[in-house]
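Report on one structure; see the data block that follows.
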Amino acid sequence: MKLKFASPKDEYKIKRLLAISDLHHQDIKPSHLKHFLLAWDESSLIGVVGLEVKDRCALLRSLAIDADHRDQGIASWLVGEIENYAASLKLNTLYLLTMTAESFFAKRGYRQTTRESAPEGIQATAEFTNMCPASAACMLKHLKET
C-alpha cells in the first residue's frame, strides 16, 4: 500500500470512491485536491481523506475506504497521516461533520461541539452550509504543537 497526495488527474477516481461510499463529492474542485491524501494498492485507489484549509484550522472531509479494504486499519492510518500533514501546515484545529462515524473519530481524540462554535471559514464550507444535514455530528480535535 502506498500513500500519496492527490493531483487533478485523480479527481474522477476520488469522486467515484466517495460516491460509492455515499459521501458528498459534488463540491470537490481540482484546487481542493492538493490537501487530499490517497491510499493506493498498486493502481487501485483504496482510500481517501481530505482537508479544506481555512486560516489556522481545517475541515477534515471525504474519508472513504474501498469496501474490499475495510476493517484493515486503513481509515485510522489515513486520519493519522492527514493529522500529521495538518500539523506540518501549522494548523491548530480540525473540524468534521459525520452522520455515521462519530465513535470512530471519538476514539481518535475528536470531541463533539456545536456547528456554531466552528470558525466562520469552516462554517462557510459547502459541507457546513448545504451538504451535511443539521443532524450531522460536529466534532473537533486540537492538534498538538510539533
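Just how many % of Cα pairs in the stretch 59-129 lie over 19 Å apart, if you round to the nearest whole percent? Of the Cα pairs, 39 percent sit more than 19 Å apart. Stokes-Einstein diffusion for the stretch 2-142 at 37 °C, viscosity 0.692 mPa s, with a Kirkwood radius from C-alpha pairs, works out to 218 µm²/s.
With r defined as the distance between the Cβ atoms of Arg56 and Lys107 and R0 fixed at 25 Å, what FRET efficiency is calculated, to the nearest 0.05?
The pair Arg56/Lys107 has a calculated efficiency of 0.50.
Separation of the stretch 105-146 and the stretch 1-30, taken as the distance between their Cα centroids, equals 21 angstrom.
So how strong a dipole does the chain carry about its Cα centre when Lys and Arg Cβ are +1 and Asp and Glu Cβ are -1, to the nearest 20 debye?
Values: 19 positive and 18 negative charges, 59 e Å.
For the chain, the charge dipole is close to 280 debye.
A simple spin-label model places the labels of Ser21 and His142 2.8 nm from each other, with each point 7 Å out along Cα-to-Cβ.
Multiplying each eigenvalue of the alpha-carbon gyration tensor of the stretch 1-74 by 5 and taking the square root yields semi-axes of 19, 13, 13 Å, largest first, rounded to whole angstroms. Report the label-to-label distance for Ser31 and Gln72 in nanometres (one decimal), using points 7 Å from each Cα along the Cα→Cβ vector. It works out to 3.5 nm between the two label points. Which residues make up the longest stretch of the chain that has no trypsin sites (Lys or Arg not before Pro) in a DSSP loop with at most 16 other Cβ atoms within 10 Å? Segment 1-55 is the longest. Normalised by the number of residues in the chain, the mean separation of alpha-carbon contacts (under 8 Å, six or more apart) gives a relative contact order of 21 percent.
With the Cα gyration tensor of the stretch 90-146 in hand, convert its eigenvalues to equivalent ellipsoid semi-axes via √(5λ) and list them largest first in whole Å. Working shown, then result.
On the way: eigenvalues 69, 47, 13 Å².
Working through the eigenvalues yields semi-axes of 19, 15, 8 Å.
The aspartates and glutamates whose alpha-carbon is closer than 12 Å to the alpha-carbon of Lys107, local same-chain residues fewer than 8 away aside, do not include any residue. Annotation for Lys4 and Asn130: the two label points, set 7 Å from Cα along the Cα-Cβ direction, are 3.4 nm apart. Within straight-line reach of Lys29, meaning a Cα separation under 29 Å, sit the following lysines at least 8 residues removed in sequence or on another chain: Lys2, Lys4, Lys9, Lys13, Lys15, Lys54, Lys90, Lys141.
No lab work stands behind these numbers, since they all come straight from the coordinates. Everything numeric here is computed off the predicted structure, so don't read it as measured data. When we count neighbours, we look across all protein chains shown, and the Cβ atoms used for this are built from the backbone with ideal geometry, even at glycine.
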